[in-house]
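Trainee: Got a structure for you, questions after.
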Amino acid sequence: MSISEIKEIPRAYDPSAVEDKWYAYWLKHDLFHSEIDKNKKPYTIVIPPPNITGILTMGHILNNTLQDILIRTKRMQGYNACWVPGTDHASIATETKVTNFLKEQGIDKKSIGRDEFLKHCWEWKEKYGGLIIQQLKKLGVSCDWQRERFTIDDHYYKKVIETFVTLYREGKIYRGYRMVNWCPATKSAISDEEVIYKTVNGKLWYFKYPVKGTDRFITVATTRPETMLGDTGVAVNPNDKRFKDLIGKTILLPIVERDIPLFADDYVDMEFGTGAVKVTPAHDVNDYEMAKRHQLEIINILNEDATLNENVPEEFAGLDRFEARKRVALKFEELGLLEKIEDYQTSIGYSDRGGVPIEPYLSEQWFMKMEELAKPAIEAVDQGKIKFYPSHWVKTYNHWMTNISDWCISRQLWWGHRIPVWYCVGDDHCKIECKEPIVSVEPPEKCLHCGSKKLRQDEDVLDTWASSWLWAHDVFETEEEQNYYYPTDTLVTAPDIIFFWVARMIMAGLKFKGDIPFSKVYFTSILRDTQGRKMSKSLGNSPDPLDVIAQYGADALRFTVIYLAPLGQDVLFSTDKCDIGRNFANKIWNAGRFLLMNAQNIPVDKSLIDKHTDFSDEWILSRFHQTLQQLNNAMENLEINNATKIIYSFVWNDFCDWYIELAKNRLYSDADDSNGTISAEVKSAVITRAVSIFENLLKIVHPFMPFITEELWNSIEERKDGDSISTSEYPALDLSMINSKAESEMEFVQDIITAIRNIRGEMNIPPSKFVSAFIKSGDVAQHQIDYIKKLARVSEIKVDKNLEKPKASASAVVKGSEIYIPLEGLIDLERERNRLQKEISRLEASLTGIEKKLSNEKFLQNAAAEIVEKEKEKKRGWEENISKLKSILAGLE
């Protein structure tokens, strides 16, 4: 092994000089590309495809860093690692973007027609779509970019259409007229999972409806006054004695002047409101069910944009629903039929994409039957074939899956997978059979029944999730590739799409491939700011990841977000926390710089790697293999946050803080115990071993921090063009290298050195002065004594199990052994005693003051809890300091 030709290694690590250089190198040499290799076991991940409208967020940083750590580790461990990237066409989001883009130019979507609008969508996609993919590259992700997929590219589009046709022919897809969640902003149906419920402070209006033929009124309560214009009944509970004599009567609906029945139904809760409920079948799910049971008229009063339609009195037609709400309430007040208004807190469903309250809306839509598809998917998780991390998501998954309802898969949009259904619109030649839709992968040339060529394709497109549920297998374009790469291994995703995507992919994989789509699902943490608020653009508390990368470097950001993200727990993130990753990168850089600069003066000779070892070498190799064992276990169990702590501890504490310091003494020392000098061969063996261990250290750090490790790995020796640490062999665990005796011996040395250094600091002993040490212990080896002397600046060490404590000495206890440092001649003892006594007196005076404050009932009652706790912490700290200072003072007697 020969160190690279002497070159200046910069004193400080500069990510900007490294990251773009190495990412271009990786791409140039296709280091992330995978092809079928029957001699290698595949390890496959499919990226959760970000929307083409998306931009990089901190959530993407966490999610994709986790995936990259897994894929880089497996690639180095010899697997045929394949990480398939891609983007989602995002029907609603993209259509909204393009519609608004055109509107700014004075172009109306409907005026230009579907085909022209789709051209604009594709143009927008080519120009802006996929920006997030380019941004992800700044993070250093090792996706197989040659396999990048898009959910409406030709192959994938056809697979989605074929799936629809297959399920239709099996009777699992049908068209039905039923109540759906309607988004007035996008003018489309949305699924239950796309509805976000928010608690809203609203009003409860109490309206009086006159009972025909009597002078009585029945009062109903509502949170949506405008819907009363579509009322077709009033319901009470059959067991409610208050209304026994009114059941069967007729109500005269105010404003509309429509006769509606008063009837009994068990659904009505006698305790809610007045016990009587208005029934609006076209705009409430429960009312719709009552209407079917009692044959009530169903009157839709809303247009697709939630304005009121022609089925309401003229004065309300065309009004926005919220304006109509005010006017209806005002009209009831004018008519003397408004009994009262109460403040009322309620839960309102909002469209996740549209951002507006949804409306229950009767509409003809396409649905997929889910019960049969769900059963094997439930079993796969219950039987442990698919494991969730953290496991508590199994309960959430099972609850939804066991209560699953049919999936509304049609959307009233143009951008997306157009439903492959055609209708015959032939004239006089049509037969009864022509009413049956033609469902086909390829557009039919003519009606199968009457031969007419006048066919109309269904206007709707499929729900976006009805395409991405095939992602795990249909990103592979040939059967051979599917058989090799599928099932994939680990899915890393946010928990908020467990129903949208995870559950549906499991159903799709089992249905169409006969196997689970992945064996592990890692649900990421939620990123919050330091106040615990979820990061969002609207709050302005979400930093731009590209700005963070520019400031700290990609490696620092990657390491920090994983270091802060325990499995299943939220992450409190702020940009300044990236100092964790930056400081760690600098620590690695400084260690590498020290070794490589020395290796340019001292020959590196692999033949000496096992020669001239001492117990510090045995210790660091033991620590490395123990670290590797812990790291491998953590990675296998997807404890990736714990993996960062394991790596950090070894690199920072064991290797940098201790091993390099121990090695320095051998590299820079002028003498040894045998012949008075450290031979050049010994120094060569020391640097060779240190560089070799450092190279292995870089390999275990690489999946977490790919750029700095690639730069340093390439500085160790000249590499061939195309070589990369990312494709180098991952260190192999050797259990025989774990040496508990060496670790125990070194731990004792470390504790002794630390204790002596602490005494030096506490007693203000100048760093330049050597001390003497007395260790009351039965057995301390000479090689341990040698290192204690060198690293703690000790001139003489006396070891004896019967030692008496010397006069005027500082002491410490380490693993049952007592250490004494005589202070005579090192410091001015009298001056130090006076200083300590003054400090004790000062702290005792402060302690008296805070004790008075904490015994003051008025302070305790009026001060904020965190202020009180802060004062208590201050008290505890001062008490500990006083005790410690008194102990030190006693040692000076």
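The values are calculated or read from the model by the stated rules, or taken from the named source; none is laboratory data. Predicted model only: the values in this text are computed from it and were never measured. Virtual Cβ from ideal backbone geometry, glycine too; neighbours counted across all protein chains shown. Each accessible area value is taken on the protein alone, full model and side chains, heavy atoms only, with ligands, DNA and RNA left out. Shrake-Rupley method; radii C 1.70, N 1.55, O 1.52, S 1.80 Å.
Trainee: What are the residues in the range 349-359 that are touching a strand residue (DSSP E or B) at 6+ places or on another chain (Cβ under 6 Å) and surrounded by fewer than 20 Cβ atoms within 10 Å (Cβ to Cβ), if any?
Mentor: Taking the range 349-359 and keeping what is touching a strand residue (DSSP E or B) at 6+ places or on another chain (Cβ under 6 Å), we get 349-352, 354, 357-359.
Within the range 349-359, 349, 350, 352, 354, 357 qualify.
Trainee: State whether one or more residues within the range 289-304 are crowded, with 17+ Cβ neighbours inside 10 Å, free of Cβ contacts under 8 Å to residues at least 60 places away in the same chain and part of a helix (DSSP H, G or I).
Mentor: Scanning the range 289-304, I find at least one residue that is crowded, with 17+ Cβ neighbours inside 10 Å, free of Cβ contacts under 8 Å to residues at least 60 places away in the same chain and part of a helix (DSSP H, G or I), so the answer is yes.
Trainee: I would also like to ask the following. Among the residues of the range 398-413, which ones are more than 15 Å from residue 372 (Cα to Cα) and under 26 Å from the mean Cα position of the chain (by Cα)? Outline the logic, then answer.
Mentor: Of the range 398-413, the ones more than 15 Å from residue 372 (Cα to Cα) are 399, 408-413.
Selection gives 399 alone.
Trainee: Further, regarding this structure: How many residues are among the acidic types (Asp, Glu) and surrounded by 21 or more Cβ atoms within 10 Å (Cβ to Cβ) when one looks only at the range 603-639?
Mentor: Final tally of qualifying residues: 1.
Trainee: Please verify whether the range 777-794 includes one or more residues that are open to solvent by 70 Å² or more (accessible area, probe 1.4 Å), modelled with pLDDT of 85 or more and not in a helix (DSSP H, G or I).
Mentor: yes
Trainee: Identify, from the list 500, 559, 523, the residue that is over 13 Å from the mean Cα position of the chain (by Cα) and closer than 30 Å to residue 398 by Cα.
Mentor: One residue alone meets the criteria, 500.
Trainee: Just give me the residues in the range 515-557 being closer than 30 Å to residue 474 by Cα and open to solvent by less than 60 Å² (accessible area, probe 1.4 Å), in sequence order. Working first, answer last.
Mentor: So in the range 515-557, the residues closer than 30 Å to residue 474 by Cα come out as 515-526.
If the condition is that a residue be closer than 30 Å to residue 474 by Cα and open to solvent by less than 60 Å² (accessible area, probe 1.4 Å), then 516, 517, 518, 519, 520, 521, 522, 523, 524, 525, 526 are the ones that fit.
Trainee: Consider residue 722 carefully, then state whether it is exposed (fewer than 13 other Cβ atoms within 10 Å of the Cβ) and in a helix (DSSP H, G or I). So that I can check it myself, show each step before the final result.
Mentor: Values: exposed (fewer than 13 other Cβ atoms within 10 Å of the Cβ): yes; in a helix (DSSP H, G or I): no.
No, not satisfied.
Trainee: Being under 14 Å from residue 164 (Cβ atoms) and at pLDDT 95 or above is the requirement here; does residue 416 meet it? Before the answer, list the steps.
Mentor: Details: under 14 Å from residue 164 (Cβ atoms): yes; at pLDDT 95 or above: yes.
It is true that residue 416 is under 14 Å from residue 164 (Cβ atoms) and at pLDDT 95 or above.
Trainee: A further question follows. Test residue 38 against the stated conditions and say whether it is open to solvent by 30 Å² or more (accessible area, probe 1.4 Å) and over 26 Å from residue 556 (Cα atoms). First the steps, then the outcome.
Mentor: Working: open to solvent by 30 Å² or more (accessible area, probe 1.4 Å): yes; over 26 Å from residue 556 (Cα atoms): yes.
Answer is yes for this residue.
Trainee: What's the number of the condition residue 134 fails, among (1) touching a residue at least 40 places away in the same chain (Cβ under 8 Å); (2) out of contact with any helix residue (DSSP H, G or I) (no Cβ under 8 Å at 6 or more places or on another chain)?
Mentor: (1)
Trainee: In addition: Looking at the range 630-654, I want the residues that are at positive phi and have a partner that is open to solvent by less than 10 Å² (accessible area, probe 1.4 Å) with Cβ atoms under 7 Å, at least 6 apart or on another chain. Which pairs are those?
Mentor: 638/522
Trainee: If you scan the range 714-746, which residues turn out to be without any contact (Cβ under 8 Å) to a residue 24 or more places away in the chain and either of a type in the set (Lys, Arg) or farther than 30 Å from residue 140 by Cα (or both)?
Mentor: Result: 719, 720, 736, 741, 744.
Trainee: Give the residues of the range 400-413 that are open to solvent by 50 Å² or more (accessible area, probe 1.4 Å) and modelled with pLDDT of 95 or more, sorted by residue number.
Mentor: To start, the set of residues in the range 400-413 that are open to solvent by 50 Å² or more (accessible area, probe 1.4 Å) comprises 402-403, 405-406.
If the condition is that a residue be open to solvent by 50 Å² or more (accessible area, probe 1.4 Å) and modelled with pLDDT of 95 or more, then 402 is the only one that fits.
Trainee: So for the range 112-130 (the condition being within 30 Å of residue 556 (Cβ to Cβ), open to solvent by 20 Å² or more (accessible area, probe 1.4 Å), touching a residue at least 40 places away in the same chain (Cβ under 8 Å) and within 21 Å of the chain's Cα centre (by Cα)), does at least one residue qualify?
Mentor: For the range 112-130, residues within 30 Å of residue 556 (Cβ to Cβ), open to solvent by 20 Å² or more (accessible area, probe 1.4 Å), touching a residue at least 40 places away in the same chain (Cβ under 8 Å) and within 21 Å of the chain's Cα centre (by Cα): absent.
Trainee: The conditions are (1) open to solvent by less than 30 Å² (accessible area, probe 1.4 Å); (2) touching a residue at least 40 places away in the same chain (Cβ under 8 Å); (3) under 17 Å from residue 216 (Cα atoms), and residue 252 fails exactly one of them. Which is it?
Mentor: Residue 252 satisfies all of (1) open to solvent by less than 30 Å² (accessible area, probe 1.4 Å); (2) touching a residue at least 40 places away in the same chain (Cβ under 8 Å); (3) under 17 Å from residue 216 (Cα atoms) except (1).
Trainee: Being outside any helix (DSSP H, G or I) and modelled with pLDDT of 90 or more: is that true of residue 5 here? Even if it seems obvious, please write down each step before you answer.
Mentor: Numbers: outside any helix (DSSP H, G or I): yes; modelled with pLDDT of 90 or more: no.
The answer is no for residue 5.
Trainee: Just one of (1) open to solvent by less than 70 Å² (accessible area, probe 1.4 Å); (2) modelled with pLDDT of 95 or more; (3) outside any loop (DSSP other than H, G, I, E, B) trips up residue 20, so point out which.
Mentor: If we test residue 20 against (1) open to solvent by less than 70 Å² (accessible area, probe 1.4 Å); (2) modelled with pLDDT of 95 or more; (3) outside any loop (DSSP other than H, G, I, E, B), just (1) comes out false.
Trainee: Identify all residues within the range 343-382 that are at pLDDT 95 or above and acidic (Asp, Glu); write none if there are none.
Mentor: Result: 371, 372, 379, 382.
Trainee: Give all pairs with beta carbons closer than 8 Å in which a residue from the range 386-406 that is of a type in the set (Phe, Trp, Tyr) meets a residue that is part of a loop (DSSP other than H, G, I, E, B); count only pairs at least 6 apart in sequence or on separate chains.
Mentor: Here the result reads 389/567; 389/568; 389/637; 389/638, each pair linking the range 386-406 to a residue that is part of a loop (DSSP other than H, G, I, E, B).
Trainee: Out of the residues in the range 795-818 that are within 17 Å of residue 748 (Cβ to Cβ), at pLDDT 90 or above and in contact with a helix residue (DSSP H, G or I) (Cβ under 8 Å, 6 or more places away or on another chain), which is surrounded by the fewest Cβ atoms within 10 Å (Cβ to Cβ)?
Mentor: Checked the range 795-818; the qualifying residue surrounded by the fewest Cβ atoms within 10 Å (Cβ to Cβ) is 799.
Trainee: If we keep just the residues of the range 380-424 that are part of a helix (DSSP H, G or I) and charged (D, E, K, R), which is nearest to residue 119 (Cα to Cα)?
Mentor: Kept after step one, since they are part of a helix (DSSP H, G or I), are these residues of the range 380-424: 380-382, 393-402.
Adding the requirement that they be charged (D, E, K, R) leaves 382, 395.
Values: 382: 46, 395: 45 Å.
Top of the filtered list is 395.
Trainee: Residues to consider are 581, 592, 568; find the one that is open to solvent by less than 50 Å² (accessible area, probe 1.4 Å) and on the phi > 0 side of the Ramachandran plot. Let's see the steps before the verdict.
Mentor: Details: 581 fails: on the phi > 0 side of the Ramachandran plot; 592 fails: on the phi > 0 side of the Ramachandran plot.
Of the residues listed, the single one that is open to solvent by less than 50 Å² (accessible area, probe 1.4 Å) and on the phi > 0 side of the Ramachandran plot is 568.
Trainee: Look at the range 844-893 and say how many of its residues are free of Cβ contacts under 8 Å to residues at least 12 places away in the same chain, of a type in the set (Ser, Thr, Tyr) and part of a helix (DSSP H, G or I).
Mentor: Matching residues across the range 844-893 total 3.
Trainee: Oh, and also: Scan the range 306-315 residue by residue and report those that are among the acidic types (Asp, Glu) and either surrounded by 12 or more Cβ atoms within 10 Å (Cβ to Cβ) or more than 26 Å from residue 354 (Cα to Cα) (or both). Even if it seems obvious, please write down each step before you answer.
Mentor: Keep residues of the range 306-315 that are among the acidic types (Asp, Glu), which gives 310, 314-315.
Within the range 306-315, 314, 315 qualify.
Trainee: Test each condition in (1) surrounded by 18 or more Cβ atoms within 10 Å (Cβ to Cβ); (2) among the aliphatic types (A, V, I, L, M); (3) modelled with pLDDT under 95; (4) closer than 20 Å to residue 150 by Cα for residue 497 and report the one that comes out false.
Mentor: Of (1) surrounded by 18 or more Cβ atoms within 10 Å (Cβ to Cβ); (2) among the aliphatic types (A, V, I, L, M); (3) modelled with pLDDT under 95; (4) closer than 20 Å to residue 150 by Cα, only one is false for residue 497: (1).
Trainee: Right, here's the next one. Among the listed residues 433, 459, 442, identify the single one that is closer than 28 Å to residue 352 by Cα and open to solvent by 50 Å² or more (accessible area, probe 1.4 Å).
Mentor: From the options 433, 459, 442, the qualifying one is 459.
Trainee: With respect to residue 755, is the statement that it is closer than 19 Å to residue 886 by Cα, out of contact with any helix residue (DSSP H, G or I) (no Cβ under 6 Å at 6 or more places or on another chain) and either outside any loop (DSSP other than H, G, I, E, B) or at pLDDT 90 or above (or both) true? Talk me through it step by step, then tell me what you get.
Mentor: Details: closer than 19 Å to residue 886 by Cα: yes; out of contact with any helix residue (DSSP H, G or I) (no Cβ under 6 Å at 6 or more places or on another chain): yes; either outside any loop (DSSP other than H, G, I, E, B) or at pLDDT 90 or above (or both): yes.
Yes.
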